[in-house]
1. At a Förster radius of 25 Å, what calculated FRET efficiency corresponds to the Cβ-Cβ distance of His76 and Asp40, to the nearest 0.05?
2. Taking the radius of gyration and the Kirkwood hydrodynamic radius from Cα positions alone, what is the Rg/Rh ratio for the chain, to two decimal places?
3. Per residue, what accessible area does region 1-87 have, given a 1.4 Å probe and all protein chains present, in Å²?
4. Tell me the carbon and sulfur percent of the accessible area for the chain, rounded to whole percent, probe radius 1.4 Å.
5. Read phi for every residue in region 25-41 and hand back ³J(HN,Hα) as whole Hz from Karplus 6.51 cos²θ - 1.76 cosθ + 1.60, θ = phi - 60°, with x for Gly and Pro.
6. Working from Cα positions, state the angle (0 to 90°, nearest 10) between the long axis of helix 55-64 and the longest principal axis of the chain.
7. Show the residues, 5+ positions off or on another chain, whose built amide H is closer than 5 Å to the amide H of Val44.
8. If each residue of separation counts as 0.36 nm, what is the full-extension length gain between Asp5 and Glu57 once their alpha-carbon separation is subtracted?
Amino acid sequence: MAVGDREFLRVLSLYGAEGVEVTSPQGLVTVLRELLQRKDVVLVLLERECAEDVQEEVRRLKLEAPIPLVIELDKHPALREAARYLTNNVSKR
């Protein structure tokens, strides 16, 4: 599951990732709290730029719930890295 702005989600959707668009830091925290409660979510890809203003809250939430794994990605470089990772590891299954 990906959480970020429209562009972030659009790129990750090309690799099959579902996403939730957020438009504010507080919206990101709300969505992250909801995702951490779901049993069907094992990985959350957060857009780092969206999380900048709420880093302490995100860090605290990540520590409280070891599953799902929450990974923060820089928007542009990380999208390329995520695409490469997904292509090399997930697409081969």
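The values are calculated or read from the model by the stated rules, or taken from the named source; none is laboratory data. Only a predicted model underlies this, so the values are computations on that prediction, with no experimental measurement involved. Neighbour counts are summed over all protein chains in view; Cβ atoms, including those assigned to glycine, are modelled from backbone coordinates with ideal geometry. Calculation scope for accessible area: heavy atoms of the full protein, side chains included, ligands and nucleic acids excluded. Shrake-Rupley method; radii C 1.70, N 1.55, O 1.52, S 1.80 Å.
1. Working: r = 29 Å, r/R0 = 1.17.
Between His76 and Asp40 the formula returns 0.30.
2. On the way: Rg = 12.5 Å, Rh = 13.2 Å.
With Rg and the Kirkwood Rh in hand, the quotient comes to 0.94.
3. On the way: 5250 Å² over 87 residues.
Here the residues of region 1-87 average 60 Å² of exposed surface.
4. Of all accessible area on the chain, carbon and sulfur atoms account for 52 percent.
5. x, 5, x, 4, 4, 4, 5, 4, 4, 5, 5, 5, 8, 7, 7, 8, 10
6. 80
7. Residues meeting the amide H criterion: Leu69, Val70, Ile71.
8. 16.8 nm
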